[in-house]
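S.K.: Have a look at this one.
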Amino acid sequence: MKLLKWTYLNLDWYQPTVNAWKTSGCFDEFQRNLGYRLALVSTKFPGTATVNGSITPSINIINKGYAPLYHKKDVYVVFKNKTSGAYYQKMLSADLRLCKPEQTKSIGEAINLSGIPAGEYDLYLRIADKAASLKTRTEYALQLANTGVWVTENGGMNNLKHVLKIN
């Protein structure tokens, strides 16, 4: 399945094979890894930054699935003000289609902080559909495979569990 980049199973296909997968215990693994399955490996952000400055984070994502993403997604780092709850997002140029199965994609581009006022911010990674009509819809946002990172607010985001203080 990895070799052929499987994205789905036809459960009406040859039943003896499907049943053999189920009885041998590998069926659940097959279903879990169909298509892409992106997971956060590590993140590194500075603790502080200056207003109108920039930061260069290190974000590493692995594809644990059998196939790559086939459609380009918009990737954002989202800054949520801890006091006001206001969101500020900065688009990255990262192309997650390049994150092939069993490979890690590193994102390490500079993020310009202009337009983000001083304060403390929780950081999120938002991977949204490119279509304008779907971009803000939670059900079209990409949820990483890590447990405890997905939040449905702001169109669906993945919590990077980091706080940045902008002075």
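S.K.: Six or more apart or on different chains, Cβ under 6 Å: which pairs go from a residue in segment 54-68 that's free of Cβ contacts under 8 Å to residues at least 60 places away in the same chain to one that's among the hydroxyl-bearing types (Ser, Thr, Tyr) and surrounded by 19 or more Cβ atoms within 10 Å (Cβ to Cβ)? Could you list them?
M.R.: As it stands, the answer is Asn63/Tyr36; Gly65/Tyr36, since those pairs meet every condition given.
S.K.: Next up: Take segment 132-163 and flag every residue that is of a type in the set (D, E, K, R) and under 13 Å from the mean Cα position of the chain (by Cα).
M.R.: Taking segment 132-163 as the starting set, the residues that turn out to be of a type in the set (D, E, K, R) are 135, 137, 139, 153, 161.
Once the filter is applied, which keeps residues that are of a type in the set (D, E, K, R) and under 13 Å from the mean Cα position of the chain (by Cα), segment 132-163 yields nothing.
S.K.: Tyr70 passes all but one of (1) at pLDDT 95 or above; (2) surrounded by fewer than 17 Cβ atoms within 10 Å (Cβ to Cβ); (3) within 16 Å of the chain's Cα centre (by Cα); (4) not acidic (Asp, Glu); which number fails?
M.R.: The failed condition is (1).
S.K.: Do you know which of the residues in segment 81-100 that are of a type in the set (A, V, I, L, M, F, W, C) and part of a loop (DSSP other than H, G, I, E, B) is surrounded by the fewest Cβ atoms within 10 Å (Cβ to Cβ)?
M.R.: Ala86
S.K.: All but one of (1) more than 24 Å from the chain's Cα centre (by Cα); (2) surrounded by 12 or more Cβ atoms within 10 Å (Cβ to Cβ); (3) free of Cβ contacts under 8 Å to residues at least 60 places away in the same chain hold for Thr17; state the number of the condition that does not hold.
M.R.: Of everything listed in (1) more than 24 Å from the chain's Cα centre (by Cα); (2) surrounded by 12 or more Cβ atoms within 10 Å (Cβ to Cβ); (3) free of Cβ contacts under 8 Å to residues at least 60 places away in the same chain, Thr17 misses just condition (2).
S.K.: Taking the conditions exactly as written (at pLDDT below 95, of a type in the set (Lys, Arg) and closer than 21 Å to Met157 by Cβ), does Lys64 satisfy them or not?
M.R.: When the stated conditions are applied, Lys64 passes them.
S.K.: Let me ask something else. Looking at segment 72-89, can you tell me whether even one residue there is touching a helix residue (DSSP H, G or I) at 6+ places or on another chain (Cβ under 9 Å), of a type outside the set (S, T, N, Q) and closer than 30 Å to Phe27 by Cβ?
M.R.: yes
S.K.: Enumerate the pairs (first residue in segment 96-111 and more than 12 Å from Ser58 (Cβ to Cβ); second residue anywhere and assigned to a helix (DSSP H, G or I) and of a type in the set (S, T, N, Q)) with beta-carbon separation below 9 Å, excluding pairs fewer than 6 apart on the same chain, so at least 6 apart or on different chains.
M.R.: Listed by first residue and then by second, the contacts come to Pro101/Asn33.
S.K.: Next question. For the condition at pLDDT 95 or above, under 14 Å from the mean Cα position of the chain (by Cα) and more than 22 Å from Lys44 (Cα to Cα), what is the one hit in Asp129, Asp95? First the steps, then the outcome.
M.R.: Numbers: Asp95 fails: more than 22 Å from Lys44 (Cα to Cα).
Of the residues listed, the single one that is at pLDDT 95 or above, under 14 Å from the mean Cα position of the chain (by Cα) and more than 22 Å from Lys44 (Cα to Cα) is Asp129.
The values are calculated or read from the model by the stated rules, or taken from the named source; none is laboratory data. Predicted model, so just to flag it, every value in this text is computed and none were measured. Please note: Cβ atoms are built from the backbone with ideal geometry, for glycine as well, and neighbour counts cover all protein chains shown.
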